[in-house]
Amino acid sequence: MQTFLGEVAEKILTDQRPFDQLTIVLPSRRAVRFLQREIALRLKQAAMAPKICSIEGFIGELAGLN
């Protein structure tokens, strides 16, 4: 049985858009780490990962907060 983040990783890798055009927002930093790991496990070659951030980081970035 495949996990939800595993399915998301598969979708990201099969999508035809370049990684630099993707921003993925997840509910927590922990989910960000797990999705990054799932993507890394599925990549066959070196590649830049899409921008993946938590909702907290995303809102902080939009608001200009550090």
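The values are calculated or read from the model by the stated rules, or taken from the named source; none is laboratory data. Small disclaimer: the values here were computed from a predicted structure and weren't measured. Ideal geometry is used to build each Cβ from the backbone, glycine not excepted, and the neighbour counts take in all protein chains shown. These area figures cover heavy atoms from the full protein model, side chains too; ligands, DNA and RNA do not enter into them. Shrake-Rupley method; radii C 1.70, N 1.55, O 1.52, S 1.80 Å.
What helices in the chain pass both tests, a Cα length along the helix axis of 30 Å or more and a mean Kyte hydropathy of 1.0 or higher, using whole DSSP H runs? Can you show the working numbers first?
Details: long enough: none.
None clear 30 Å together with a mean of 1.0.
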- Query: Counting only the backbone N, which residues of the range 31-59 are under 20 Å from the spot 7 Å out from the Cα of Gln16 toward its beta-carbon?
  - Reply: 50
- Task: Give the residue from Ile59, Gln36, Gln21 lying farthest towards the positive end of the charge dipole for the chain; charges sit on Cβ (+1 for Lys and Arg, -1 for Asp and Glu) and the dipole is referred to the Cα centre.
- Result: Gln36
- Message: Using the Cα centre of the chain as the reference point, and only Cβ charges (+1 on K/R, -1 on D/E), how large is the resulting charge dipole? Debye, rounded to the nearest 20.
- Response: 200 debye
- Message: I need the phi-derived Karplus couplings for the range 21-27: 6.51 cos²θ - 1.76 cosθ + 1.60, θ = phi - 60°, integer Hz, Gly and Pro marked x.
- Response: 9, 9, 10, 10, 10, 10, x
- Compactness summary of the chain: radius of gyration and Dmax from Cα atoms, Å, are 12.5, 40
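So what is the accessible area of the chain per residue, in Å², with the probe set to 1.4 Å? Please report the intermediate quantities before stating the final value.
Details: 5180 Å² over 66 residues.
Spelled out: the 1.4 Å probe surface of the chain, per residue, equals 78 Å².
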- Note on the structure: From DSSP H assignment alone, runs of 4+ in the chain each adding -39500 (n - 2.57), the sum over residues rounded to the nearest 500 puts [θ] at 222 nm at -15500 deg cm²/dmol
- Message: List the residues, sorted by chain then number, that are 5 or more residues from Ile24 or on another chain and whose placed amide H is less than 5 Å from its amide H.
- Response: Lys51, Ile52, Cys53
